[in-house]
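Structure, as structure tokens:
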Amino acid sequence: DQQVKQNSPSLSVQEGRISILNCDYTNSMFDYFLWYKKYPAEGPTFLISISSIKDKNEDGRFTVFLNKSAKHLSLHIVPSQPGDSAVYFCAASARDSSYKLIFGSGTRLLVRP
Amino acid sequence: DAGVIQSPRHEVTEMGQEVTLRCKPISGHNSLFWYRQTMMRGLELLIYFNNNVPIDDSGMPEDRFSAKMPNASFSTLKIQPSEPRDSAVYFCASSPSGGFPHEQYFGPGTRLTVT
């Protein structure tokens, strides 16, 4: 039973364009969401997060949008750069489960020069 | 400032052998997490500690797996006996606070291959 789903295993975009990575969740108790980026042979690195009391959080080229009614969040990268090529994981957490992060299966982003 | 340190980076062992994975969290972090990444199941939490105490080990697959945190700067994940299906990348992560919510800082992982 996957509580956090990333239905697109891969995405390819042109440098300079927008990358949009999507994530859906099923547990309505989730109230904090995070995106991690992972390069080969490295551990995941925290990228950006959003609390359920917000619907948008922006950090430089990265913006996360949360649609609670649809149980959907997305990560926008504008403009995309070749160095953004990595696997992106969506993760969610619920207050009643304390520290547990539930991860999606990841989306591999390729930014073409 | 050093990040989360894991050793070894790669481990190849034969079925039935004992495997011990090691982790040194970031200094000052009081939460520590062990994850396993496989193609089939993705990134899954095995166990986490807060202030050296195991809080939730519901993700530990079976009794062959055990984890300890004898002090704030060291943790081990042991598999005994190991099986080929244990082959995966094992990540350790630490977090700077016991509060909620927070971000976790991952180590580079240990790639385990059991033949």
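Values quoted throughout were computed directly from the atomic coordinates according to the rules given, and no laboratory measurement underlies them. Quick caveat: nothing in here was measured; it's all calculated off a predicted structure. No Cβ is skipped: glycine too gets one built from the backbone with ideal geometry, and neighbour counts run over all protein chains shown.
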Among residues of region A:78-96, those that are within 14 Å of chain B (Cβ to nearest Cβ) and surrounded by 15 or more Cβ atoms within 10 Å (Cβ to Cβ), counted:
9
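Could you tell me how many of the residues in region A:1-34 are of a type in the set (Phe, Trp, Tyr) and within 15 Å of B:Gly42 (Cα to Cα)?
Filtering region A:1-34 down to residues of a type in the set (Phe, Trp, Tyr) leaves A:25, A:30, A:32-33.
Subset that is within 15 Å of B:Gly42 (Cα to Cα): none.
Qualifying residue count for the region: 0.
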For region A:63-77, give me each residue that is more than 14 Å from chain B (Cβ to nearest Cβ) and under 14 Å from the mean Cα position of the chain (by Cα).
A:Thr63, A:Phe65, A:Asn67, A:Lys71, A:His72, A:Leu73, A:Ser74, A:Leu75, A:His76, A:Ile77
Note on A:Ala92: of the conditions (1) in contact with a Lys or Arg (Cβ under 8 Å, 6 or more places away or on another chain); (2) assigned to a strand (DSSP E or B), unmet is (1)
Only listed residue being surrounded by 13 or more Cβ atoms within 10 Å (Cβ to Cβ) and under 24 Å from A:Tyr36 (Cα atoms), chosen from B:Met60, B:Met39:
B:Met60
The strands (runs of 3 or more DSSP E) lying wholly within region B:16-62 that contain at least 3 residues that are without any contact (Cβ under 8 Å) to a residue 60 or more places away in the chain and hydrophobic (A, V, I, L, M, F, W, C) are B:42-50
Among the numbered conditions (1) more than 24 Å from A:Ile48 (Cα to Cα); (2) within 14 Å of another protein chain (Cβ to nearest Cβ); (3) touching a residue at least 12 places away in the same chain (Cβ under 8 Å), tell me where B:Pro96 comes up short.
(1)
Those residues of region A:41-62 that are exposed (fewer than 15 other Cβ atoms within 10 Å of the Cβ) and more than 10 Å from chain B (Cβ to nearest Cβ) come to a total of 8
